[in-house]
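Structure first, commentary second.
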Amino acid sequence: MKQLKKAANYVWRTKKIRFLLLGLLAILLIIQLKQWLTPKPIAEPIGGQKITLTTQTTDTSQPVTKNATTTQKTTESTDTMTLVKSADSLVKQAYKKTQWQPLPTKQTEPHQINFNSGSIDREEMRQAMTHALELPSNQLEEWWLDMTSPTQIIGYLENKQTKDVYRVTIDWQKNQGYKPALVEELYELPTSFK
């Protein structure tokens, strides 16, 4: 009888251990499945071939001659910069400008974000970022582009001459193109880029 009790006790304990092990295994599988099924943010490291945008400007204003004196028509732009507070310790200064408008696009709706080098979308992203920074495209090094929403891109750029680092946010405006939304001058690149 004692042996039967010992055997039953042993079987009960091994079933309990098996049950615990199966439970732990099930929990680990659920955690792993959750990680696999959780959508990853769409981001692409920027490296390799860089795109160079060229812009042509033509002077359409012609001097007007009146009685041997030359006058030129000039226009003044009213550009208001608004400083934005940031809780991010990397941010030295952040600002928005009222003059920012969507840059004309060659794309049609529905718009699809495309990070591929040489794509029209990628070139238009870069144009919007260089417009926001008021720097020539060839003076900027792209470090990273990230999609934070279906209509918003954040780019990390560095001025090749001054080594100033920026995080520029641009928004896609339906049927219009990318519009600069925010420029953040950073103390340094995030450590993940170094």
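Brief remarks follow.
Each row is one residue, and each column tells you yes or no for (1) touching a Lys or Arg at 6+ places or on another chain (Cβ under 7 Å); (2) modelled with pLDDT under 90.
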residue	(1), (2)
116	yes, yes
122	no, yes
137	yes, yes
164	no, no
169	no, no
173	yes, no
180	no, no
184	yes, no
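- When residues in region 92-114 are screened for being touching a Leu at 6+ places or on another chain (Cβ under 6 Å) and assigned to a loop (DSSP other than H, G, I, E, B), 0 of them pass.
- Any hit, region 156-167, residues being basic (Lys, Arg) and buried (at least 19 other Cβ atoms within 10 Å of the Cβ): yes
- Residue 128 fulfils the conditions (1) without any contact (Cβ under 8 Å) to a residue 40 or more places away in the chain; (2) of a type in the set (A, V, I, L, M); (3) assigned to a helix (DSSP H, G or I) except for a single criterion, (1).
- Test: residue 7 is modelled with pLDDT of 75 or more and either over 30 Å from residue 147 (Cα atoms) or surrounded by fewer than 10 Cβ atoms within 10 Å (Cβ to Cβ) (or both): no
- Selection count where residues are assigned to a loop (DSSP other than H, G, I, E, B) and under 19 Å from residue 154 (Cβ atoms), scope region 115-125: 4
The values are calculated or read from the model by the stated rules, or taken from the named source; none is laboratory data. All of these numbers come straight from a predicted model, not from anything done at the bench. All Cβ positions, even for glycine, are placed from backbone atoms using ideal geometry, and neighbour counts span all protein chains on display.
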